[in-house]
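Note sheet for the following structure.
The values are calculated or read from the model by the stated rules, or taken from the named source; none is laboratory data. Source: prediction; values computed, not measured. Glycine also receives a Cβ, built like all others from the backbone with ideal geometry; neighbour counts cover every protein chain displayed.
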Amino acid sequence: MSAQPYVIERVYNAPVSKVWHAITNAEQMKQWYFELPGFTPEVGYTFTFTGGHEDGIQYKHLCRITSVVENERLSYTWSYDGYPGESEVTFELFPEGEQTRLKLTHTGLDTFPADNKDFAASNFAAGWEYIIGTGLKGYLEKA
């Protein structure tokens, strides 16, 4: 797997404050991301969730928030229970008039076991494309 980070950017028809709340509020997150009861955007906060291919193995994700700058950036570690490797996900928000550009960067993908096809870069790309490009966009821009 390449040591290159995975990066995706999308522009939403929503102000930064609305996007920030969507990526940091547990009630809103469960509408487009995962259910994370009690999620709190504070450095050091740990959370877990389970996910994977619908017809495949479900992995327990272990995460710890590493950076929070309100309305600008949220970062957290991302690892899997029982598997080596640790990565980091960063959401960055940029106001563009009445819209918001979100840049998601997922680094450290090369630290996961290369012999497990579920950890292939293409799977992360497909997952983030759906989560950021479809799920979050649909949530933010619903009528």
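Within the range 20-36, take every residue that is in contact (Cβ under 8 Å) with a residue 60 or more places away in the chain and closer than 15 Å to Phe94 by Cα and give me the one that is nearest to the chain's Cα centre (by Cα).
Within the range 20-36, the subset in contact (Cβ under 8 Å) with a residue 60 or more places away in the chain is 20, 22-23, 28, 31-33.
Pick out the ones that are also closer than 15 Å to Phe94 by Cα and you get 20, 22-23.
Numbers: Trp20: 13, Ala22: 12, Ile23: 8 Å.
Within the range 20-36, the match that is nearest to the chain's Cα centre (by Cα) is Ile23.
Answer yes or no: is there a residue in the range 37-45 that is at pLDDT below 95, over 12 Å from Leu93 (Cα atoms) and not β-branched (Val, Ile, Thr).
Yes, some residue in the range 37-45 is at pLDDT below 95, over 12 Å from Leu93 (Cα atoms) and not β-branched (Val, Ile, Thr).
Out of the range 120-141, which residues are exposed (fewer than 14 other Cβ atoms within 10 Å of the Cβ) and either hydrophobic (A, V, I, L, M, F, W, C) or on the phi > 0 side of the Ramachandran plot (or both)?
Within the range 120-141, Ala126 is the sole residue that qualifies.
Does Ser17 fit the bill of being in a helix (DSSP H, G or I), among the hydroxyl-bearing types (Ser, Thr, Tyr) and either under 14 Å from the mean Cα position of the chain (by Cα) or at pLDDT 95 or above (or both)? Full working, then the answer.
On the way: in a helix (DSSP H, G or I): yes; among the hydroxyl-bearing types (Ser, Thr, Tyr): yes; either under 14 Å from the mean Cα position of the chain (by Cα) or at pLDDT 95 or above (or both): yes.
For Ser17, the condition - in a helix (DSSP H, G or I), among the hydroxyl-bearing types (Ser, Thr, Tyr) and either under 14 Å from the mean Cα position of the chain (by Cα) or at pLDDT 95 or above (or both) - is met.
May I ask you to list pairs of residues, at least six apart or on different chains, whose Cβ atoms are under 8 Å apart, with the first in the range 97-108 being in contact (Cβ under 8 Å) with a residue 12 or more places away in the chain and closer than 12 Å to Leu74 by Cα and the second being surrounded by fewer than 18 Cβ atoms within 10 Å (Cβ to Cβ) and acidic (Asp, Glu)?
Close Cβ pairs satisfying both conditions: Leu102/Glu9; Leu102/Glu92; Lys103/Glu9; Lys103/Glu92; Leu104/Glu9; Leu104/Glu92; Thr105/Glu92.
Look at Tyr59 and say whether it is touching a Gly at 6+ places or on another chain (Cβ under 9 Å), more than 16 Å from Tyr6 (Cα to Cα), surrounded by 14 or more Cβ atoms within 10 Å (Cβ to Cβ) and without any contact (Cβ under 8 Å) to a residue 60 or more places away in the chain.
Working: touching a Gly at 6+ places or on another chain (Cβ under 9 Å): yes; more than 16 Å from Tyr6 (Cα to Cα): yes; surrounded by 14 or more Cβ atoms within 10 Å (Cβ to Cβ): yes; without any contact (Cβ under 8 Å) to a residue 60 or more places away in the chain: yes.
Judged against the criteria, Tyr59 is a match.
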